[in-house]
Every structure is written in C-alpha cells, then in structure tokens.
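A quick write-up on the structure given underneath.
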Amino acid sequence: MIRLAFALPVCALVLAACGAPDPASDTAPGAAAPEQETVLEAGAEEALTGPEWTVTDIAGQPALADAAPTIAFLPNGVTGAAGCNRFNGEYEADMGSLTFGALSTTRMACSEDRMAQERSFLTLLSLVNRYEASEDGTGLVLTAEDGRTLTARR
C-alpha cells in the first residue's frame, strides 16, 4: 500500500512533465517551432540539394565511366564518392557562391587511374568558389578560383 501511495504521485509528475513546454524554448505551446538554421542561405538549397549529382567532367577531362565521382548536397553537409573513396564535410552556398570546408575521406586504395582522378577531383573541389545550376535542375557547374570547372548531371 505504501508503494502504491508513492508510485501514484511520481507517475502524475512524469505525465505532467511530458506535456510541459520546454523551458529552453522561446515558443509558446501550440506555436510553430522556429526553423532550424543550416549552412545553406536562401535560394541555394533548391539548386543544389535533391538527388545526387554525378560528375561528368573534371577540369576538361571526362570522368571515368566506372568511377565517376558523385556529390550529394544535404541541408547539414555534403557527401559523395570521389571515384575510389567516400567523402563528407561542410559547405556554404549563397546565390551562386559556394565554398567547402575540410572534407573527410575514407582511405582505400584503388587503381592508379581512379586514384589520379580522385586527387584531381578533391583538389578542385577544395578550390571551388561558385556554382551555376541549369534552370531545369539537371546540370551543375562548379567553378574554382583559377577558372577550372567540375561539371555534373542528375
């Protein structure tokens, strides 16, 4: 009986706490939660995010058909395949401007042609400072500081 007398108030407190507003939140109960901040600026997300991009050209050289790099822009970062290894990291985009933060990669070894392509791709990706997406959303050109480009398609 004593256990029941103790358990009922504890259960009532737990249930009441579940419905209570978060004291750290600035929103009133029933109000819409504020939008979460991401690395993207207004307008950039629509052009970059969505289905994964497949790189077709790296600085004027066609990508290897069986090892074409891919890039997926997510609201919280970038990920993809560099031809041999996977990569991920951060990026910032704003109306045509695009920069990448430090990218992490896996460390597998592949054939020399794949490794050479991967080095070229990752080096150029680190130098990108702007992008242009086609109006139909199927083409993307990333341009580096020195004018070299990466071309991708969906």
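Since every read-out is calculated from the coordinates, none of them should be taken as a lab result. Just so you know, these numbers come straight off a predicted model, no measurement behind them. For neighbour counting, all protein chains shown are included, and Cβ atoms are generated from backbone atoms with ideal geometry for every residue, glycine included.
Computed quantities for the displayed model
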read-out: Placed amide H near Ala63: partners under 5 Å, 5+ positions off or other chain; value: Asp57, Ile58
read-out: HN-Hα J in Hz across segment 102-112 - Karplus 6.51, -1.76, 1.60, θ = phi - 60°, x for Gly and Pro; value: 4, 9, 9, 10, 6, 10, 8, 9, 10, 4, 4
read-out: Residues in segment 82-96 that a label on Arg107 would reach, taking backbone N under 19 Å of a point 7 Å out along Cα→Cβ; value: 82-89
read-out: Hz values of 3J(HN,Hα) by residue in segment 65-78 - Karplus curve (6.51, -1.76, 1.60), Gly and Pro given as x; value: 4, 8, 8, 5, x, 10, 9, 10, 8, 10, x, 10, x, 10
read-out: Gain upon complete extension [Arg130, Glu46; 0.36 nm per residue less C-alpha separation]; value: 28.7 nm
